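Before any comments, here is the structure.
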Amino acid sequence: VLRTITEPIQRDLEIFEKQFLESLETDVELLNKIVRYMAAHKGKRLRPTLTFLTSHLVGGPTPRTFWAALIVELIHTATLIHDDVVDESEIRRGAASINAIWDNKISILVGDYLFSKALVYMMELGDKNINELISRVTVRMSQGELLQMERARDYTMDEATYFRMISDKTASLISTACQIGVLTAATQDHPPQKAMQEFGEYLGLAFQIKDDLLDYMGESQKMGKPTGNDLKENKITLPLLYALNNGHPVQAQKIRKLLQSDDSMTNFEEIRSFVVESGGILYAQQKANELAERARRILSQFEDSRYRTSLTLLTHFAVNRQN
Ligand code: IPE
Ligand code: IPE
Ligand code: MG
Ligand code: MG
């Protein structure tokens with residue numbers, strides 16, 4: 001499915017891949033080794049895909065678009081490397097995670113390296129709007145991850161807190177990827193930044209809800225990362241949140257007890273069944289679908305083109321994917 005979506009920007013993505021690799025060259029051998037490893041195990045490149053597609057809504061990418069896409073993907077990659085340390089996760093993108101092969105110390109430093117590279121490219125780009133967007137988004141991402149840490153094991157958390165969390169840690173960067181697409185595009189009179197901000201926010205929320213749902217229901221083979229990891233880390237996501245608040249109270253109380261015990265993983269199947277039977281999965285899927293639909297409505301104000309079609313397909317992919 002992603003192949004069809006990226007078809008109209010295949011050329012842009014090829015240039016992007018080349019720049020991504022070149023941008024990370026260094027004379028530190030260990031770092032080069034890790035960068036080569038990362039290059040061999042790419043992600044879906046969802047954020048650059050969004051940047052290029054949205055730029056094509058308004059005249060297409062310029063050299064600045066490529067820099068901006070690079071900055072965002074560097075930040076995303078750095079975040080994932082740090083996230084795997086925090087989540088003690090050993091598989092990423094279908095292969096051993098960096099913390100699993102090297103160790104936590106090296107992962108922290110490599111994440112910082114990618115992040116610092118992003119700062120340098122931001123400075124070189126020297127665009128006030130982009131500086132502001134990127135610097136604010138990184139603050140939100142850190143806040144989102146820390147809010148999640150703070151709320152681990154908080155089985156009374158409300159939905160509003162969950163939505164704030166996923167907006168900060170995930171939707172904010174996806175929204176930024178969409179905004180920089182139009183801000184750096186060839187046509188510069190009145191870039192539709194506000195529309196892109198909202199489109200990306202809705203899409204990003206839907207994307208993270210689906211990620212959380214897949215953590216219960218997905219196949220780790222297809223996802224390229226472990227499932228059940230959120231529960232292992234005591235993270236309460238929408239399917240469980242809904243089930244605890246709307247499931248049978250006696251059962252919910254029993255599940256809370258299981259969750260509080262140290263080995264919630266030995267009870268994973270029981271907790272999963274409770275989440276499914278209480279409608280938590282259906283509810284989360286429905287929420288994700290609603291948000292994807294809202295994202296699509298924003299696209300309807302743009303002229304029809306194959307780029308817009310791809311963006312529409314992406315909103316479907318975000319909530320129907322298995323990886
Ligand atoms: C993973 O993001 C983290 C979330 C925001 C759910 P992606 O699913 O975009 O990760 P890659 O880049 O494709 O590996
Ligand atoms: C997304 O949350 C994290 C970031 C924004 C880094 P997850 O912790 O759910 O991401 P995965 O599931 O490890 O990819
Ligand atoms: Mg994680
Ligand atoms: Mg996840």
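Exactly one of these conditions fails for K232: (1) open to solvent by less than 50 Å² (accessible area, probe 1.4 Å); (2) over 26 Å from E290 (Cα atoms). Give me its number.
With (1) open to solvent by less than 50 Å² (accessible area, probe 1.4 Å); (2) over 26 Å from E290 (Cα atoms) applied to K232, the lone miss is (1).
When region 254-291 is examined, which residues are found to be open to solvent by 90 Å² or more (accessible area, probe 1.4 Å), free of Cβ contacts under 8 Å to residues at least 40 places away in the same chain and in a helix (DSSP H, G or I)?
Hits for region 254-291 are K254, K257, E269, E277, L282, Q286.
Based on what the data block shows, is G181 away from ligand 2 (no atom under 16 Å from the Cβ), open to solvent by less than 10 Å² (accessible area, probe 1.4 Å) and assigned to a helix (DSSP H, G or I)?
Yes; evaluated as a whole, the condition is true for this residue.
With the checklist (1) within 22 Å of I5 (Cα to Cα); (2) charged (D, E, K, R); (3) touching a Ser or Thr at 6+ places or on another chain (Cβ under 9 Å); (4) touching a residue at least 40 places away in the same chain (Cβ under 8 Å) in hand, flag the one item D83 doesn't pass.
(1) is the only condition that D83 fails.
Can you tell me which of R294, R306 is open to solvent by 50 Å² or more (accessible area, probe 1.4 Å) and touching a His at 6+ places or on another chain (Cβ under 9 Å)? Quick ask: steps written out before the conclusion?
Details: R294 fails: touching a His at 6+ places or on another chain (Cβ under 9 Å).
None of the others qualify; the one that does is R306.
Which count do you get for residues in region 235-267 that are in contact with a Ser or Thr (Cβ under 7 Å, 6 or more places away or on another chain) and modelled with pLDDT under 95?
1
Residue under question is I101, and the condition is that it be open to solvent by 70 Å² or more (accessible area, probe 1.4 Å) and more than 16 Å from ligand 4 (Cβ to nearest atom); does it hold? Walk me through how you get there before you give the answer.
Values: open to solvent by 70 Å² or more (accessible area, probe 1.4 Å): yes; more than 16 Å from ligand 4 (Cβ to nearest atom): yes.
Here the answer is yes, as I101 does meet what is asked.
Could you list, in sequence order, the residues of region 135-144 that are surrounded by 17 or more Cβ atoms within 10 Å (Cβ to Cβ) and either within 16 Å of ligand 3 (Cβ to nearest atom) or assigned to a loop (DSSP other than H, G, I, E, B) (or both)?
M141, G144
Name the residues in region 50-93 that are β-branched (V, I, T) and within 10 Å of ligand 1 (Cβ to nearest atom), would you? Steps first, please.
First, the residues of region 50-93 that are β-branched (V, I, T): 51, 54, 58, 62, 65, 71-72, 75, 77, 79, 81, 85-86, 91.
Of everything in region 50-93, those that are β-branched (V, I, T) and within 10 Å of ligand 1 (Cβ to nearest atom) turn out to be T77, T79.
Restricting attention to region 198-217, and to residues there that are closer than 16 Å to T54 by Cβ and open to solvent by 10 Å² or more (accessible area, probe 1.4 Å), which single residue is farthest from ligand 4 (Cβ to nearest atom)?
Here is the first cut: in region 198-217, the ones closer than 16 Å to T54 by Cβ are 198-204, 207.
Within this subset, residues satisfying the condition of being open to solvent by 10 Å² or more (accessible area, probe 1.4 Å) are 198, 201-202, 207.
Values: E198: 24, E201: 19, Y202: 19, F207: 11 Å.
Among them, the one singled out is E198.
From the residues in region 36-47 that are assigned to a helix (DSSP H, G or I) and within 16 Å of ligand 2 (Cβ to nearest atom), which one is farthest from I134 (Cα to Cα)?
Out of the qualifying residues, it is M38.
Residue by residue, here is whether (1) within 16 Å of ligand 4 (Cβ to nearest atom); (2) of a type in the set (D, E); (3) in a helix (DSSP H, G or I) holds:
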position	(1), (2), (3)
V72	no, no, yes
H76	yes, no, yes
T79	yes, no, yes
D84	yes, yes, yes
E88	yes, yes, no
I106	no, no, yes
L109	no, no, yes
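Inspect all residues belonging to region 224-231 and state whether any of them is touching a strand residue (DSSP E or B) at 6+ places or on another chain (Cβ under 7 Å), farther than 21 Å from I134 by Cβ and within 12 Å of ligand 3 (Cβ to nearest atom).
yes
What do you reckon, is I209 over 25 Å from A96 (Cα atoms), among the β-branched types (V, I, T), in a helix (DSSP H, G or I) and within 16 Å of ligand 2 (Cβ to nearest atom)? Working first, answer last.
Details: over 25 Å from A96 (Cα atoms): no; among the β-branched types (V, I, T): yes; in a helix (DSSP H, G or I): yes; within 16 Å of ligand 2 (Cβ to nearest atom): yes.
The answer is no for I209.
Could you please let me know if G60 is away from ligand 2 (no atom under 16 Å from the Cβ) and on the phi > 0 side of the Ramachandran plot?
On the way: away from ligand 2 (no atom under 16 Å from the Cβ): yes; on the phi > 0 side of the Ramachandran plot: yes.
When the stated conditions are applied, G60 passes them.
From the list A78, A69, A100, exactly one residue is farther than 17 Å from L31 by Cα and away from ligand 3 (no atom under 11 Å from the Cβ). Which is it?
Values: A78 fails: farther than 17 Å from L31 by Cα; A100 fails: farther than 17 Å from L31 by Cα.
Exactly one of A78, A69, A100 is farther than 17 Å from L31 by Cα and away from ligand 3 (no atom under 11 Å from the Cβ), namely A69.
The values are calculated or read from the model by the stated rules, or taken from the named source; none is laboratory data. All values reported here derive from a predicted model rather than from experimental measurement. Every residue, glycine as well, gets a Cβ built from its backbone with ideal geometry; the counts of neighbours run over all protein chains shown. For accessibility, only protein heavy atoms count, side chains too; no ligands or nucleic acids. Shrake-Rupley method; radii C 1.70, N 1.55, O 1.52, S 1.80 Å.
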